[in-house]
Amino acid sequence: MEKERIGYRAHCLVLTYPTQGHINPMLEFSKRLEHKGVKVTLVTTYFISNTIHKEATTIALETISDGYDEGGRAKAESIHAYLERFRRVGSQTLAELLEKLSSSSRPVDCIVYDAFLPWALDVAKKFGLVGAVLFTQSCAVDNIYYQVHKGVLKVPLSETEILLLGSLPLEPQDMPSFVSDFGSYSAFLDILVGQFSNVDKADCVLVNTFYELEQEVVDWMEKIWPLGTIGPTIPSMFLDKRIEDDKSYGFSIFKPNMDACMKWLNDSPKGSVVYVSFGSSAALEVEQMQELAWGLRMSNRCFLWIVRASEEVKLPKSFVEETSEKGLVVRWCSQLEVLAHEAVGCFVTHCGWNSTLEALSFGVPMVAVPQWSDQSTNAKYIMDVWKIGLKAPVDEKGLVRRDALEHCVQEIMEGERGKEIKKNAFKWRKLAKEAVDDGGSSDKNIEEFVAKLVPS
Ligand code: UDP
C-alpha cells in the first residue's frame, strides 16, 4: 500500500511459460525487480494458478488462458496443438488483462515475457509497451538455437559436425537433443528456434545466466542484441541475502515432502548423502532407471532420490523397501533446501539449467546424467568448462550403467578429481553470489534494465 502511494519506478508484467523450470526464474527475477522499486505482476495460466502450491509472496498474480483451463498442457493432443492454441487464446486474454490493468493506479509499462512465448512481444507493441524477452536457458544453448535459426548450423547435423562456441568445440552429442537427434521432438525444436523469430524487435534481451560464467558467448551475443545477464535467479537468501524474505521460489507444481527429507538429511553426516533428481519433466527409460537404482545400491552410500509419481513404476520391484536403511525416495522436495543442506555431498542430476545454476550457486559437485533438451550442453560445460562435475559415460545404447554411476559418485565423494571439483565448485559459488550482489554484473544489468523503464 505504502509503495502504491509513494509510487513505483515502473510496472512490469512478467509472463511465464507454465512449467516449473520456467516459472522459478521468472518469479525470482520478479522479486529482484520489486526490490529495485518496480511493481511486478506475475502472469501465469489459469490452470497453473489454480493447481500450484503457493507460498505467500508480495508479487501480485494474474492469469491468462492457454486455452486449456481444465488441465493445461496434458489436455492438448500435442505440444504443437498446445502452443498454437496458447498463442491464439493467450494473445487475446493477455490483451484483455492489459485493458483491465490500464485503469489501475499504476498502468503497465513493460512486458517481460518468456522466450517460449514470442507472440507476447506483438501484444506489448500493440499497447505501446516496452517488450523484454527473458531466456531461461544458458547463453551457450541459446546461441546454438540461434545458429540453427540463422541457418549457419544446418540440421540434421552431419556426424562430424563441430560447432565452435567461443573457444569450445562442441560435437553433436554435446548439442541439445532437439538439434543432435533431429526429428525426435520437432515441435520442441520449433519452439526453441522460434525464440529468435522476432528477437530483433525486442527492446531488451535478458538471460538467466551471469557474465563471468559465460563470458565468451555473452560478449559475442551482446554485439547482436541489447543483452543483459540477470542470473542466477536463485532466492536471495541463498546468495547475497539482500531480499530478506526471499528464501524459496514460493511456487511449486508438485507438493514437496520436506519433513521426510529434512529429517533424513539432519540424521546424516556432513557431505555423506548423494542427492538424485531429474527435475520436473524428464521421463527416464525403464532400463536407465533400473541401472541408476542398482548403481546407487552398489555405491553403498546414503541417498535421497526424487522420483516423481509418474516415474515410480520404473523403479525395480521392492527397491524402496530393500534400500530403506540407506536411502529415501520421495516424489518431490524443495530442491534448494536440500542442496543447501550440509549433508549433501554430490548431486546426480539431469542438468536442467535451473538445477545446474542451483548446484553451482551452492557449490555442490555434480554427476551429470543428461536426458534430453539442453541438458547435454549443460553437462559438457559442467565437466569441461566450469569443471564442477563429471559427466557419467554412456554405453552404445546411450544408457549410464550401474558401475559407471557408482564410479562417478565414488570419484566425487572420495577421489582426487573430487577434490579439484569441490575447489572449483567453491569458486563458482563465490562468483555467483558476487554477480547478484550489490554492484555485481547481474545486479548492474538489472539496474540498467529498470533505468530504461523509468522515463527520464
Ligand atoms: N525442483 C524442486 N524439487 C524437486 C526437483 C526439482 O523444487 O524435487 C526444482 C528445482 O529447484 C529447479 C526446477 O525444479 O528449480 C527444475 O528446473 P530444471 O531447469 O533443473 O529442470 P526441468 O524441470 O525444467 O527439467
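The values are calculated or read from the model by the stated rules, or taken from the named source; none is laboratory data. Just so it is clear, the structure is predicted and the values come from calculations on it, not from any experiment. When we count neighbours, we look across all protein chains shown, and the Cβ atoms used for this are built from the backbone with ideal geometry, even at glycine.
Miscellaneous remarks
- Flag for Gly37 being surrounded by fewer than 18 Cβ atoms within 10 Å (Cβ to Cβ), at pLDDT 95 or above and at positive phi: yes
- Residue list for the range 171-183, filter: in contact (Cβ under 8 Å) with a residue 60 or more places away in the chain and outside any helix (DSSP H, G or I): Met175, Pro176
- Screening Ile382 on (1) out of contact with any Cys (no Cβ under 9 Å at 6 or more places or on another chain); (2) touching a residue at least 12 places away in the same chain (Cβ under 8 Å) shows it passes everything except condition (1).
- Taken together, the criteria exclude Ser324 from residues that are under 21 Å from Lys430 (Cβ atoms) and at pLDDT 95 or above.
- The range 283-293, subset of a type in the set (A, V, I, L, M) and surrounded by fewer than 18 Cβ atoms within 10 Å (Cβ to Cβ), residue nearest to the ligand (Cβ to nearest atom): Ala283
- Hey, Tyr275 away from the ligand (no atom under 16 Å from the Cβ), buried (at least 18 other Cβ atoms within 10 Å of the Cβ) and of a type in the set (Ser, Thr, Tyr) or not: no
- Taking the listed residues Ile59, Ile48, the one that is within 16 Å of the ligand (Cβ to nearest atom) and out of contact with any Cys (no Cβ under 6 Å at 6 or more places or on another chain) is Ile48, with no other qualifying.
- Beta carbons closer than 7 Å, at least 6 apart along the sequence or on distinct chains, pair a first residue in the range 317-345 that is under 21 Å from Val409 (Cα atoms) with a second that is within 8 Å of the ligand (Cβ to nearest atom) and outside any helix (DSSP H, G or I) for Val330/Ile306; Gln335/Ser277.
- Candidate set from the range 336-361 (those that are assigned to a loop (DSSP other than H, G, I, E, B) and more than 7 Å from the ligand (Cβ to nearest atom)); member that is nearest to the chain's Cα centre (by Cα): Cys351
- Whichever residue in the range 365-377 is touching a Gly at 6+ places or on another chain (Cβ under 8 Å) and more than 9 Å from the ligand (Cβ to nearest atom) and, among such residues, is nearest to Phe238 (Cα to Cα): Pro365
- Lone unmet requirement of (1) at pLDDT below 95; (2) among the acidic types (Asp, Glu); (3) under 17 Å from the mean Cα position of the chain (by Cα) for Glu244: (3)
- Residues in the range 77-111 that are at pLDDT 95 or above and closer than 25 Å to Ile446 by Cα: Leu94, Leu98, Leu101, Val108, Asp109, Cys110, Ile111.
- Search result, residues across the range 294-335 that are hydroxyl-bearing (Ser, Thr, Tyr) and more than 14 Å from the ligand (Cβ to nearest atom): Ser299, Ser318, Thr323, Ser324
- Selected residue (criterion: surrounded by the fewest Cβ atoms within 10 Å (Cβ to Cβ)) from residues of the range 43-76 that are basic (Lys, Arg) and touching a residue at least 24 places away in the same chain (Cβ under 8 Å): Lys54
- Those residues of the range 67-106 which are closer than 27 Å to Phe188 by Cβ and among the acidic types (Asp, Glu), in sequence order: Asp69, Glu70, Glu77, Glu84
- Among the residues of the range 20-61, those that are in a strand (DSSP E or B) and closer than 30 Å to Asp438 by Cα comprise Val38, Lys39, Val40, Thr41, Leu42, Val43, Thr44, Lys54, Ala60, Leu61.
- Filter result (surrounded by 17 or more Cβ atoms within 10 Å (Cβ to Cβ) and over 15 Å from Arg331 (Cβ atoms)) within the range 249-262: Tyr249, Gly250, Phe251
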